[in-house]
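My structure is below; once you've seen it, I'll send some questions.
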Amino acid sequence: MNKLILGRYLPGDSWLHDLDPRAKLVAGVYFILILFIANNWQTYALLWLFTLLVMKLSNIPYRVYIRGVRPLIWLILFTVFLQILFTAGGTIYIDWGIITISEFGLINGVYIFFRFVMIVFISTVVTLTTKPIDLTDGINALLRPLKKFKVPVDEWSLMLSISLRFIPNLLDETQKVMDAQRARGSEFGEGSLVKQMKTLVPIFLPLFVSSLNRAEELANGMEVRGYQASGTRSTFRQLKWKFQDTICLMAMIGLTIALVILRTSGVAFH
Amino acid sequence: MVMEIKLDKVTADYQLGPMRTPRVLDAVDINLKPGTFTAVVGHTGAGKSSLLKVLNGLLLPNNGQVMVGDTVIKQDDNKKALKAIRKRVGMVFQFPEAQLFAETVEKDICFGPLNFGVSLSKAKEIARVAIKQVGLDESLLSKSPFSLSGGQKRRVAIAGVLAMEPDILVLDEPGAGLDPTGKKEILSLISSWNRTKQLTTVLVTHDMDDVARFADDVAVMEKGQVVSHDTVRNTFSNQDQLDKWHIDLPSARRFQLKLEQTTGLILAATCLTEEELADALIKVGLV
Ligand SMILES: Nc1ncnc2c1ncn2[C@@H]1O[C@H](COP(=O)(O)OP(=O)(O)O)[C@@H](O)[C@H]1O
Ligand SMILES: [Mg+2]
């Protein structure tokens with residue numbers, strides 16, 4: 001439970017920690033999109049270099065990121081596997097009807113693998129270097145234009161920030177309840193599936209009860225302090241666009257141009 | 001049965017996200033004699049709760065070892081040894097009512113015994129005994145634990161631990177958040193189990209009056225270390241050390257010091273409880 005990396009924030013004072021969450025969000029999503037421009041080893045190499053550089057800039061050791069990929073590794077390998085089996089082209093190494101292992105299949109598999117890992121790394125960079133509350137503010141700011149179309153952006157972002165705010169509490173509490181039931185002789189991850197399901201009840205029920213109680217307390221607390229869903233809200237934390245945020249976006253444009261050049265000059269595989 | 005607890009240079013920390021925390025227990029050596037009532041005091045974050053978790057195998061030492069009776073907990077312990085330890089060491093967490101989950105009080109109390117292989121009929125029998133031990137009425141057994149008052153929930157949770165029939169009872173601030181009377185009652189109950197059943201007891205508390213009234217020994221913790229382990233009287237006589245650790249005095253002792261300071265009168269003994277103070281005052285003819 002405590003080992004989860006993706007979605008966590010690690011306090012620090014790197015250049016990336018300092019960036020505006022809007023810049024980080026836009027750059028992160030944009031990076032995932034331009035990954036699909038890459039089609040040869042030159043473009044992938046460039047993206048890799050860029051990813052490693054960004055990770056370096058976060059001042060967080062590489063091993064933290066590697067640990068972050070680990071829980072997803074089976075999902076990634078499974079996708080890669082399918083890709084290898086169902087892509088044809090180039091030299092055929094093995095051929096069993098619809099299942100073939102071919103040159104293109106293998107190359108494609110490798111590409112997919114790296115694409116996946118880069119997506120995980122870059123998303124992890126964004127969450128590790130951004131406070132959850134800043135992330136919500138950033139999302140809120142970026143979605144604001146949707147308000148014109150009657151999308152309840154403020155409510156969404158309130159819901160998001162409350163959920164994010166209580167994730168650490170919930171994790172803490174899960175740990176405590178698990179410890180308490182363990183002390184009473186409960187064993188987790190043992191025995192048949194039915195037995196394992198049964199050991200979950202004494203954990204989830206108390207968590208459920210306390211979450212409901214907390215939600216009610218929070219709602220009451222907000223109400224007595226005059227919260228109204230319809231009110232216009234000012235914000236205590238102001239997002240400030242700085243020069244380095246512009247640099248961040250410029251870097252993304254530079255990366256795009258380099259990718260497009262390498263894509264056309266390099267040799268594509270398909 | 002009585003059971004000795006021995007910690008030998010125990011060092012422990014937690015996994016926190018990608019990092020490990022600094023040592024929360026740092027080469028702790030402590031020896032708790034069978035049947036004693038030991039209070040653990042110290043500031044928030046000193047490692048009191050972690051010390052209790054180590055006694056129960058919920059936090060494994062990464063150095064040193066914990067001995068409970070003849071069972072040893074080390075770094076890489078198998079589940080069987082841990083389960084044996086947890087049967088012997090009953091652990092009452094802070095705000096233990098958070099662990100209640102069953103539809104009825106009876107089922108909740110039976111949870112522990114059933115996990116340790118007691119038969120259902122025997123477990124129900126134990127539950128009836130346990131609920132009376134915590135001073136509640138048997139009729140509550142059929143109620144939902146969520147329908148009870150805060151103090152009642154706390155007692156049911158403690159009964160759930162007593163029902164495991166442990167040899168050692170460790171409690172993490174069992175009185176926290178209760179009204180003064182409720183708190184006093186719970187502590188008196190704990191003290192009476194210690195005396196009548198020879199139940200080795202370890203109690204984490206912030207209330208020095210409780211320490212003075214109920215405990216035999218005090219362990220003072222600071223920054224993951226046990227900096228002192230002595231009798232209650234010795235501990236509270238050592239004013240210089242107490243100041244250094246920022247540990248309060250029991251209110252009777254505070255009153256005595258203030259009185260001695262303002263009247264110039266010196267009482268014969270160090271008074272730790274109201275009774276001792278009253279006796280001493282009578283002796284010097286002040287009341
Ligand atoms: N589950 C945990 N994960 C990480 N750190 C913890 C955990 N529990 C306690 N700590 C840390 O261990 C230290 C000692 O905590 P604790 O044993 O709870 O002290 P006390 O009970 O004396 O207040 C604190 O610095 C605390 O932040
Ligand atoms: Mg504590």
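Just how large is the dipole of segment B:1-158 about the Cα centre, in debye to the nearest 20, putting +1 at every Lys and Arg Cβ and -1 at every Asp and Glu Cβ?
Details: 23 positive and 15 negative charges, 30 e Å.
Charge dipole of segment B:1-158: 140 debye, to the nearest 20.
Something else now. Per-residue mean of other chain beta-carbon atoms within 10 angstrom of the beta-carbon, peptide B:97-106? Each step should come with its number before you reach the end.
Values: counts 2, 8, 12, 5, 12, 3, 1, 0, 0, 0.
Counting other chains' Cβ atoms within 10 Å and averaging over B:97-106 gives 4.
For the protein assembly as shown, give the magnitude of the charge dipole about the Cα centre (Cβ charges: +1 Lys/Arg, -1 Asp/Glu; no others), in debye to the nearest 20.
Working: 62 positive and 54 negative charges, 300 e Å.
Here the protein assembly as shown has a charge dipole of around 1440 debye.
In addition: Percent relative contact order of chain B, based on C-alpha pairs within less than 8 angstrom and at least six residues apart?
Working: 533 pairs, mean separation 63.1, N = 287.
Relative contact order for chain B comes out at 22 percent.
Nearest-5 percent of antiparallel DSSP beta bridges in segment B:5-246?
On the way: 21 of 39 bridges.
Just about 55 percent of them are antiparallel.
Among the lysines, which have Cα under 28 Å from the Cα of B:Lys244 when same-chain residues fewer than 8 positions away are ignored?
B:Lys6, B:Lys9, B:Lys33, B:Lys48, B:Lys53, B:Lys223, B:Lys258
If you only keep lysine pairs separated by 8 or more in sequence, or across chains, how many in chain A come under 19 Å at the Cα atoms?
The result is 10.
Which order, highest average first, do B:39-45, A:126-132, B:155-161, A:33-39 follow once you tally other Cβ atoms within 10 Å for each residue and take the mean per peptide?
Packing proxy ranking, top to bottom: B:155-161, A:126-132, B:39-45, A:33-39.
Given the options B:Gln99, B:Gln225, B:Gln65, which has the most mean-square fluctuation in a GNM of chain B, springs set between C-alpha atoms less than 10 angstrom apart?
Checking each option, the largest mean-square fluctuation is seen for B:Gln99.
Restricting things to alpha carbons, find the Rg to Rh ratio for segment A:1-84 using the Kirkwood radius for Rh.
On the way: Rg = 14.7 Å, Rh = 14.9 Å.
Radius of gyration relative to Kirkwood radius: 0.99.
Further question: Just the accessible area for A:Met222, please: 1.4 Å probe, Å², rounded to the nearest 10?
Estimated to the nearest 10 Å², A:Met222 gives 50 Å².
Please sort B:25-31, B:175-181, B:262-268 by packing, taking for each peptide the average over its residues of neighbouring beta carbons within 10 angstrom, highest first. Present the calculation step by step, with values, prior to reporting the outcome.
Values: B:25-31: 18.0, B:175-181: 13.3, B:262-268: 10.6.
So the peptides B:25-31, B:175-181, B:262-268, ranked by packing, come out B:25-31, B:175-181, B:262-268.
Taking each residue in B:85-93, count the Cβ atoms of any other chain within 10 Å of its Cβ, then average. What number comes out? Present the calculation step by step, with values, prior to reporting the outcome.
On the way: counts 1, 6, 2, 0, 1, 2, 5, 2, 5.
For peptide B:85-93, the averaged partner shielding equals 3.
What's the Kirkwood radius of the protein assembly as shown in Å, using all Cα pairs?
Values: mean 1/r = 0.0354 Å⁻¹.
After inverting the mean inverse Cα-Cα distance, the result is 28.3 Å.
Give me P(r) over chain B, computed from all C-alpha to C-alpha distances, binned every 5 Å, as integer percentages.
1, 5, 12, 15, 16, 15, 13, 10, 6, 4, 2, 1, 0, 0
Another question about this same structure. Over the heavy atoms of B:His246, what accessible area does a 1.4 Å probe trace out, to the nearest 10 Å²?
Accessible area of B:His246: about 130 Å².
Can you pull the mean other chain C-beta count within 10 Å for peptide B:107-119? Spell out each step's value before the answer.
Working: counts 0, 2, 0, 0, 5, 5, 2, 2, 8, 2, 1, 1, 0.
Mean partner shielding for this stretch: 2.
So what does the Cα-only Debye profile of segment B:1-70 read at q = 0.13, 0.14, 0.19 Å⁻¹, as log10 I(q)/I(0), no solvent term?
So the normalised log intensities work out to -0.38, -0.43, -0.76.
Next question, about the same structure. Nearest-5 percent of antiparallel DSSP beta bridges in the protein assembly as shown?
Numbers: 25 of 43 bridges.
Antiparallel bridges make up about 60 percent of those DSSP assigns within the protein assembly as shown.
Where in chain A are the helices, taken as whole DSSP H runs, whose Cα atoms extend 27 angstrom or more along the long axis and whose Kyte-Doolittle mean reaches at least -1.0?
Details: long enough: A:103-129 (39 Å, 1.70); A:153-183 (44 Å, 0.00); A:193-224 (46 Å, 0.56); A:243-265 (33 Å, 1.53).
Going by DSSP H runs, the hits are A:103-129, A:153-183, A:193-224, A:243-265.
Moving to a separate point now. Take the alpha carbon atoms of segment B:68-148, find their radius of gyration, then divide it by 2.2 N^0.38 Å using N residues; give the quotient. Show your work: numbers first, answer last.
Values: Rg = 14.7 Å, N = 81, 2.2 N^0.38 = 11.7 Å.
Cα Rg divided by the expected 2.2 N^0.38 Å: 1.26.
Let me ask another. Please find, in a Gaussian network model of chain A (springs between Cα atoms separated by less than 10 Å), the residue of A:Leu200, A:Leu82, A:Leu142 whose mean-square fluctuation is greatest.
Result: A:Leu200 has the largest fluctuation of those listed.
If the cut-off is a Cα-Cα distance under 18 Å, which aspartates and glutamates reach B:Lys132, setting aside same-chain residues fewer than 8 apart in sequence?
B:Glu97, B:Glu106, B:Asp108, B:Glu165, B:Glu185
Restricting things to alpha carbons, tell me how big chain A is in terms of Rg and Dmax, in Å.
Considering chain A through its Cα atoms, Rg and Dmax are 23.3, 71 Å.
A further question on this structure: Please get the size of the charge dipole for segment A:168-228, origin at its Cα centre, with Cβ charges of +1 on Lys and Arg and -1 on Asp and Glu, quoted in debye to the nearest 20.
180 debye
The values are calculated or read from the model by the stated rules, or taken from the named source; none is laboratory data. The shown structure was predicted, so the numbers you read here are calculated from the model rather than taken from an experiment. As a convention, Cβ positions derive from the backbone with ideal geometry for all residues, glycine included, and neighbour counts pool all protein chains shown. SASA here: full protein model, heavy atoms, side chains in, ligands and nucleic acids out. Shrake-Rupley method; radii C 1.70, N 1.55, O 1.52, S 1.80 Å.
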